[in-house]
Amino acid sequence: MRAWLFDNTTTDQREPHDSGVPQTADDLAAIGVLYWHLGDENALDRLEEIAKERNYKNRDQIVVSKEAMGDIYETKVKSFFEEHLHEDEEIRFILDGTGFFDVRDKQDRWIRIQIYKGDLLVLPAGIYHRFTTDASNYIKATRLFKEEPKWTPINRPAADENSFRVDYLRTLRVR
Ligand code: KMT
Ligand code: NI
């Protein structure tokens, strides 16, 4: 994982958009974003431990690439990049490839998080975020979830009044 403040230019979303201001795992923890690098050895055992501790009972796999998605690839990449939230955690373990998750910080700036193989990223319910592949146009990930997947993206600003949004903002105030 490597993270930085997004530079807010409007060129291709798949470029790094690195403003030169780095962000740490602690900066992410301050907005409820959890990160582990599970390494290469024992990564899958560690994943099982964390899944058990955090009650992630179910999972599936996704490959985001032109080869895997065909004609709908570009449309998919655009829709992943619309600012949204979910009513549950978004949990991704990266099996291969790379990509960018952008999350809003307390000042409503975008933090761009580049994720690599072996990274486990947990976005809390109610955080505004978006995803894009990078210039490699390839990522393979395990998506974990607690019970039933709640993939439904709720876009901004409609989600501003959502109770999961309100609860998330409340957790930020007591941090
Ligand atoms: C999402 O929710 O945006 C995705 O699942 C994207 C691919 S997972 C790295
Ligand atoms: Ni999402």
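The values are calculated or read from the model by the stated rules, or taken from the named source; none is laboratory data. Only a predicted model underlies this, so the values are computations on that prediction, with no experimental measurement involved. We place every Cβ from the backbone using ideal geometry, glycine too, and count neighbours over all the protein chains shown.
Worth a mention:
- Residue within the range 119-128 that is surrounded by fewer than 20 Cβ atoms within 10 Å (Cβ to Cβ) and among the aromatic types (Phe, Trp, Tyr) present: no
- Close pairs (6 angstrom Cβ cut-off, 6 or more residues apart or separate chains): within 15 Å of Val21 (Cβ to Cβ) in the range 106-119, of a type in the set (Gly, Ala, Ser) and within 16 Å of ligand 1 (Cβ to nearest atom) anywhere: Ile111/Ala3; Ile113/Ala3
- Qualifying positions in the range 61-95 - within 10 Å of ligand 1 (Cβ to nearest atom), closer than 17 Å to Ile139 by Cα and either touching a residue at least 60 places away in the same chain (Cβ under 8 Å) or outside any strand (DSSP E or B) (or both): Gln61, Ile62, Val63, Val64, Lys76, Val77, Ser79, Phe80, Phe81
- Residue check: Asp134 meets all listed conditions (1) within 21 Å of Glu87 (Cβ to Cβ); (2) more than 14 Å from ligand 2 (Cβ to nearest atom); (3) surrounded by 14 or more Cβ atoms within 10 Å (Cβ to Cβ) but one, namely (1).
- Qualifying residue in the range 96-107 (condition: at pLDDT 95 or above, surrounded by fewer than 18 Cβ atoms within 10 Å (Cβ to Cβ), in contact with a Lys or Arg (Cβ under 7 Å, 6 or more places away or on another chain) and not in a loop (DSSP other than H, G, I, E, B)): yes
- Per-region count, the range 27-56, residues within 30 Å of Lys106 (Cβ to Cβ), outside any helix (DSSP H, G or I) and either free of Cβ contacts under 8 Å to residues at least 12 places away in the same chain or of a type in the set (D, E, K, R) (or both): 1
- Residues of the range 140-151 include at least one that is loosely packed, with under 13 Cβ neighbours inside 10 Å, out of contact with any Asp or Glu (no Cβ under 6 Å at 6 or more places or on another chain) and more than 21 Å from Thr75 (Cβ to Cβ).
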